[in-house]
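Take a look at the structure set out below.
The values are calculated or read from the model by the stated rules, or taken from the named source; none is laboratory data. Fair warning: this is a prediction, and the values are worked out from it, not measured in the lab. Backbone-built Cβ (ideal geometry, glycine too); neighbour counts: all protein chains shown.
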Ligand SMILES: [Zn+2]
């Protein structure tokens, strides 16, 4: 009791003492990672100036300018926007130019979707203008509703409903005894890359594909339809590319820049064009087709939000689908603007967003583009006030993202050798909305972007955007273990990126550390890729006062400033090593699950579970017997992770020791070290690429061939496991293990050089 009381007393004294101390000194801000003490203080004052200088009204004005008319690839207003963006960069003191590529970009010539049996109905395939929405009536310049890179075709066949049209959906169809061979499938939008739908349909023998927007996903089930609310109306259509995911960019020039004199494939040899014709429709156009289907009622999770009983078919509904396009080469115009570095101009920090849209594109992509422009304006302003970035800053406004990441991919392919030497990091944004901060990317930047987000204030809640995102994750965690995990870790985990936007070529092809950042989650609206995604809609239903646009400009610009000025590029390898370790565990878990699943299914087949429980009045085909997957040897991956962790720890310890000394690094050391750090990223590459998609060279970060958008880490192994090709999966393990060892060795070299420099500096 006594000792407890004295402990309490001394605690009180301590608290009082530190309280007085804290009052007498200005609150010491934590040292910025990669900065010495003095440099850190200077950097913070520039960052503060930068953040205070971001003006929401500028975002509003730029959006109005850029969305005034439709601006898809090759359109007059797309070019006008490029010229305007160029002049803005130049006016702010950047050295800017336009770099042009010639890409294959099909635009629709003929589009037909009609029901020919049992009744007749011709789909409108036209989004109506709304009197209240001033740009919705710019019909002459609007690109019609279509899916770019659908092959030309004219087919008439019975219709089958395939839910989202993923591979698992076709397994369900097998259980129902239904084949899509010779049929036209109708799939709803959602659950992954839209290009997967026609791809999987064709693999199952379908001859055509229709994709519609179900109101459950983005229409009246979610909220009021536009213009009463912000949700997709009856005739609203989602345009979009259906390019296959073998490689992004121009279908005719895989792996090389689509310059005017580039060697091109013949269109028929381009692997990324679909094998069957495909068109998107609104739910208004889909309803008569779905209503005409008979056959079994769909499994419960397949039901959408329309007031019909969803049937699978096939038929009696028979549909005529016709698509043909103008297969022309069109220019894409990337606007590239640089602010030259004062000390290490040969190192580049790169920021980008696309400016092309399907139609007026206020949300996608101008809401992101205007924040990137506002960042550049304010960086130019700081430059005039005497700030000079250490490294060169490159701001990119990409063209041709929507059809297939055309502008960014062709630019990276053209400048690959230079980028491999010079690129420090690439930070991307795309659409931006109201709500929570979100970042994805390579995990060497996880701690860095958390640090940045800790300093940006949420405009609605007056706490940092990092804290708000953290609390939301706690609220949404599915169990106590997840909540614990979030509470005990200092940083928010970031997700790996696949191929959803312009970071793809940087990360997956060139091995450049990348981030994708933005805000969202409170958008009570969705007009994605329709004529209604415009200025009126965005300013009534999304980030109406541009306060989250301002937050994004503050976040992105601070990140760029900090990367450009750091003495040591602020990568953190511990979190990355841990995350890669988790990816390896995920592979092991997946194998175990697949083994258990097969064992159980085979047992149930033997017991007669499937035949005994099938309703004799319905068709039910039991699943086939499958061999149980063999054990695989993951040891090379596990060893690679151990090496990675060891190197990462050594590097972080050396870095902490330097930062504790509060002195500048000898410039020779800093130079060598930063070159080491740039090299670490490239060691994730294997020049041969993924076994079936050689364009994708990054062996840790890659999208799935059947997921698109989202990442399938360690894809060389993972993809074969998904396809149940166990031997092939096992064969890839040593290669990826070797890549992890290479990364570990590169980090160890950085640790060596840093340790040496710190000792010398003493
Ligand atoms: Zn976009």
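Please enumerate the residues belonging to segment 586-604 that are in contact with a helix residue (DSSP H, G or I) (Cβ under 9 Å, 6 or more places away or on another chain) and free of Cβ contacts under 8 Å to residues at least 24 places away in the same chain.
Once the filter is applied, which keeps residues that are in contact with a helix residue (DSSP H, G or I) (Cβ under 9 Å, 6 or more places away or on another chain) and free of Cβ contacts under 8 Å to residues at least 24 places away in the same chain, segment 586-604 yields 603, 604.
Only one residue in 665, 677 is part of a loop (DSSP other than H, G, I, E, B), buried (at least 19 other Cβ atoms within 10 Å of the Cβ) and either at pLDDT 90 or above or more than 18 Å from the chain's Cα centre (by Cα) (or both), so which one is that? Steps first, please.
Working: 677 fails: part of a loop (DSSP other than H, G, I, E, B).
After ruling out the rest, the residue left standing is 665.
Determine whether segment 622-635 contains at least one residue that is surrounded by fewer than 21 Cβ atoms within 10 Å (Cβ to Cβ), in a helix (DSSP H, G or I) and over 26 Å from the mean Cα position of the chain (by Cα).
So far as segment 622-635 goes, yes, one or more of its residues are surrounded by fewer than 21 Cβ atoms within 10 Å (Cβ to Cβ), in a helix (DSSP H, G or I) and over 26 Å from the mean Cα position of the chain (by Cα).
Among the listed residues 368, 435, which satisfies the condition of being touching a helix residue (DSSP H, G or I) at 6+ places or on another chain (Cβ under 8 Å), at pLDDT 95 or above and at positive phi?
Only one candidate passes the filter, namely 435.
Could you go through segment 474-495 and let me know if any residue there is within 16 Å of the ligand (Cβ to nearest atom), outside any loop (DSSP other than H, G, I, E, B) and under 30 Å from residue 414 (Cα atoms). Step through it out loud before you land on a result.
Keep residues of segment 474-495 that are within 16 Å of the ligand (Cβ to nearest atom), which gives none.
No, that holds for no residue.
Got at least one residue in segment 320-327 being crowded, with 16+ Cβ neighbours inside 10 Å, more than 16 Å from the ligand (Cβ to nearest atom) and assigned to a loop (DSSP other than H, G, I, E, B)?
no
Take segment 343-387 and flag every residue that is away from the ligand (no atom under 16 Å from the Cβ), in contact with a strand residue (DSSP E or B) (Cβ under 9 Å, 6 or more places away or on another chain) and not in a helix (DSSP H, G or I).
At the first step, the residues of segment 343-387 found to be away from the ligand (no atom under 16 Å from the Cβ) are 343-350, 374-387.
This time we only want the ones that are in contact with a strand residue (DSSP E or B) (Cβ under 9 Å, 6 or more places away or on another chain), so: 343-350, 375-376, 379-380, 383.
Those that are away from the ligand (no atom under 16 Å from the Cβ), in contact with a strand residue (DSSP E or B) (Cβ under 9 Å, 6 or more places away or on another chain) and not in a helix (DSSP H, G or I): 343, 344, 345, 346, 347, 348, 349, 350.
Residue-by-condition table, conditions (1) buried (at least 24 other Cβ atoms within 10 Å of the Cβ); (2) at pLDDT below 95:
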{"site": "193", "(1), (2)": "yes, yes"}
{"site": "211", "(1), (2)": "yes, no"}
{"site": "250", "(1), (2)": "yes, no"}
{"site": "262", "(1), (2)": "no, no"}
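State yes or no: is residue 466 touching a strand residue (DSSP E or B) at 6+ places or on another chain (Cβ under 6 Å), modelled with pLDDT of 95 or more, within 30 Å of residue 679 (Cα to Cα) and away from the ligand (no atom under 16 Å from the Cβ)?
In short, no.
Taking residue 156 and the conditions (1) in contact with a helix residue (DSSP H, G or I) (Cβ under 9 Å, 6 or more places away or on another chain); (2) assigned to a strand (DSSP E or B), which numbered condition does it fall short on, given that it satisfies the others?
So the condition that residue 156 fails would be (1).
Keeping to segment 416-455, report how many residues are in contact (Cβ under 8 Å) with a residue 60 or more places away in the chain, more than 15 Å from residue 491 (Cα to Cα), more than 16 Å from the ligand (Cβ to nearest atom) and not in a strand (DSSP E or B).
Counting residues in segment 416-455 that are in contact (Cβ under 8 Å) with a residue 60 or more places away in the chain, more than 15 Å from residue 491 (Cα to Cα), more than 16 Å from the ligand (Cβ to nearest atom) and not in a strand (DSSP E or B) gives 6.
For segment 710-762, which residues satisfy the criterion of being part of a loop (DSSP other than H, G, I, E, B) and surrounded by fewer than 18 Cβ atoms within 10 Å (Cβ to Cβ)? Lay out the reasoning, then the answer.
Initially, segment 710-762 is screened for residues part of a loop (DSSP other than H, G, I, E, B), giving 712-714, 723-725, 762.
Of everything in segment 710-762, those that are part of a loop (DSSP other than H, G, I, E, B) and surrounded by fewer than 18 Cβ atoms within 10 Å (Cβ to Cβ) turn out to be 723, 724, 725, 762.
Output the residue which, of all residues in segment 307-319 that are surrounded by fewer than 22 Cβ atoms within 10 Å (Cβ to Cβ) and part of a strand (DSSP E or B), is farthest from the ligand (Cβ to nearest atom).
It comes out as 316.
Taking segment 170-201, which residues are touching a strand residue (DSSP E or B) at 6+ places or on another chain (Cβ under 8 Å) and assigned to a helix (DSSP H, G or I)?
173, 197, 198, 201
So residue 289 ticks every box in (1) under 30 Å from the mean Cα position of the chain (by Cα); (2) in a helix (DSSP H, G or I) but one. Which box is left unticked?
(1)
Limited to segment 122-144, what total is found for residues that are under 27 Å from residue 309 (Cβ atoms) and buried (at least 18 other Cβ atoms within 10 Å of the Cβ)? It would help to see each step written out before you state the result.
To start, the set of residues in segment 122-144 that are under 27 Å from residue 309 (Cβ atoms) comprises 122-125.
Those left that are additionally buried (at least 18 other Cβ atoms within 10 Å of the Cβ): 123, 125.
Residues flagged as under 27 Å from residue 309 (Cβ atoms) and buried (at least 18 other Cβ atoms within 10 Å of the Cβ) within segment 122-144 amount to 2.
For residues in segment 328-350 being touching a helix residue (DSSP H, G or I) at 6+ places or on another chain (Cβ under 7 Å) and closer than 30 Å to residue 267 by Cβ, which is surrounded by the most Cβ atoms within 10 Å (Cβ to Cβ)?
Step by step, filter segment 328-350, then rank; the result is 332.
Suppose the filter is within 16 Å of the ligand (Cβ to nearest atom), under 14 Å from the mean Cα position of the chain (by Cα) and surrounded by 24 or more Cβ atoms within 10 Å (Cβ to Cβ); does residue 538 pass it?
Values: within 16 Å of the ligand (Cβ to nearest atom): yes; under 14 Å from the mean Cα position of the chain (by Cα): no; surrounded by 24 or more Cβ atoms within 10 Å (Cβ to Cβ): yes.
The answer is no for residue 538.
Residue check: is residue 409 within 16 Å of the ligand (Cβ to nearest atom) and either modelled with pLDDT of 95 or more or under 15 Å from the mean Cα position of the chain (by Cα) (or both)? Give the steps one after another, and end with the answer.
On the way: within 16 Å of the ligand (Cβ to nearest atom): yes; either modelled with pLDDT of 95 or more or under 15 Å from the mean Cα position of the chain (by Cα) (or both): yes.
The answer is yes for residue 409.
If the requirement is being modelled with pLDDT of 95 or more and loosely packed, with under 15 Cβ neighbours inside 10 Å, which of these qualifies: 592, 574, 618? Outline the logic, then answer.
Numbers: 574 fails: loosely packed, with under 15 Cβ neighbours inside 10 Å; 618 fails: modelled with pLDDT of 95 or more.
Just one listed residue meets the conditions, 592.
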